Amino acid sequence: MHIAFRVFHKDDLALYRSWFDDAELARRISYPTDAWLTYVTSTEASCCWFAEASAKGVIAALQVDREGERGYLDIAIRPDLRGQRLGIAVLSAFIAGPGNQYQVLEGAIEPDNAASLVCVCRCDFRILPGLNDDGLIRVERNRDASSGCDSVEAWSGPQEDGQPSPID
Ligand SMILES: CC(C)(COP(=O)(O)OP(=O)(O)OC[C@H]1O[C@@H](n2cnc3c(N)ncnc32)[C@H](O)[C@@H]1OP(=O)(O)O)[C@@H](O)C(=O)NCCC(=O)NCCS
């Protein structure tokens, strides 16, 4: 499947907002307010893309907030396509495409978001120790170094203390 990325435009807002009728997406990703639109379309600090696959149209949205060489990534698969193994395909295409401009891509994932953790680990992100201040698992991928987080199958959810299970 060929996946193409185009920069998010204000005319995309109504479509993107309609995805937030989905409760799972709404609890994982911040709602795209008017202030969000200004932030991602009018500042150097952030950019958002729609991913498109010819037969399916828009299949995902990705946002990266830049801080120096580091980009903080969020990804959302169109809700009716979730769970169809598009996440890994979209993320790997993004890394090879627009995401390649960032030296380091970092994500913050809720410990119960197994699909997201599987996706990032399949795409050579590594899980950083501990949780961030919001209780999220930090993952990062350096453009120059494949971390080979290939034993994600061993990940079995958070431990009782909320820390991510170790991946050897
Ligand atoms: C997270 C998200 C991007 C993943 O994309 P997706 O296309 O739905 O995920 P996939 O279908 O590709 O599944 C990825 C892998 O996770 C696995 N997986 C899914 N749910 C799982 C679970 N509860 N436990 C273990 N593995 C799980 C899948 O089996 C698949 O692995 P496989 O290819 O070996 O079978 C997507 O579900 C989404 O947009 N979620 C809402 C927004 C969100 O959470 N964004 C991330 C914020 S950090």
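The values are calculated or read from the model by the stated rules, or taken from the named source; none is laboratory data. A quick note: this is a predicted structure, and the numbers were derived from the prediction, not measured. Every residue, glycine as well, gets a Cβ built from its backbone with ideal geometry; the counts of neighbours run over all protein chains shown.
Between residues in the stretch 45-56 that are assigned by TED's automatic domain parsing to the domain that holds VAL7 and in a strand (DSSP E or B) and residues that are aromatic (Phe, Trp, Tyr) and surrounded by fewer than 18 Cβ atoms within 10 Å (Cβ to Cβ), which pairs lie under 7 Å by C-beta distance while being six or more apart or on different chains?
Pairs that qualify, where the first residue is assigned by TED's automatic domain parsing to the domain that holds VAL7 and in a strand (DSSP E or B) and the partner is aromatic (Phe, Trp, Tyr) and surrounded by fewer than 18 Cβ atoms within 10 Å (Cβ to Cβ), are SER46/TYR39; TRP49/PHE5; ALA51/PHE5.
Looking at ARG70, ARG85, which is the one that is on the phi < 0 side of the Ramachandran plot, charged (D, E, K, R) and out of contact with any Cys (no Cβ under 6 Å at 6 or more places or on another chain)? Please lay out each step first, then the result.
On the way: ARG85 fails: on the phi < 0 side of the Ramachandran plot.
One residue alone meets the criteria, ARG70.
Give the stretch 112-124 a look and list any residue that's near the ligand (Cβ under 6 Å from one of its atoms) and of a type in the set (A, V, I, L, M), or say none.
Across the stretch 112-124, the qualifying residues are ALA114, ALA115, VAL118.
Just to be sure I understand the filter: pairs with C-beta atoms under 6 Å, separated by 6 or more residues or on different chains, first member in the stretch 71-95 and without any contact (Cβ under 8 Å) to a residue 24 or more places away in the chain, second member of a type outside the set (Gly, Ala, Ser) and within 7 Å of the ligand (Cβ to nearest atom). Which pairs pass?
Qualifying pairs under 6 Å: ILE77/LEU86.
Which pairs turn up if I take residues in the stretch 102-116 that are assigned to a loop (DSSP other than H, G, I, E, B) and look for partners that are polar (S, T, N, Q) and near the ligand (Cβ under 6 Å from one of its atoms) with beta carbon separation below 8 Å, at least 6 apart in sequence or on another chain?
Taking only residues 6 or more apart or on different chains, the pairs are GLU110/SER116.
I'd like to check something: does the stretch 67-81 contain any residue that is within 11 Å of the ligand (Cβ to nearest atom), over 14 Å from SER116 (Cβ atoms) and among the basic types (Lys, Arg)?
yes
Just wondering, is there one or more residues in the stretch 133-144 that are more than 16 Å from the ligand (Cβ to nearest atom), among the charged types (D, E, K, R) and touching a helix residue (DSSP H, G or I) at 6+ places or on another chain (Cβ under 7 Å)?
Yes, the stretch 133-144 contains at least one residue that is more than 16 Å from the ligand (Cβ to nearest atom), among the charged types (D, E, K, R) and touching a helix residue (DSSP H, G or I) at 6+ places or on another chain (Cβ under 7 Å).
Return yes when ILE109 is buried (at least 19 other Cβ atoms within 10 Å of the Cβ), within 11 Å of the ligand (Cβ to nearest atom) and modelled with pLDDT of 95 or more and no when it is not.
yes
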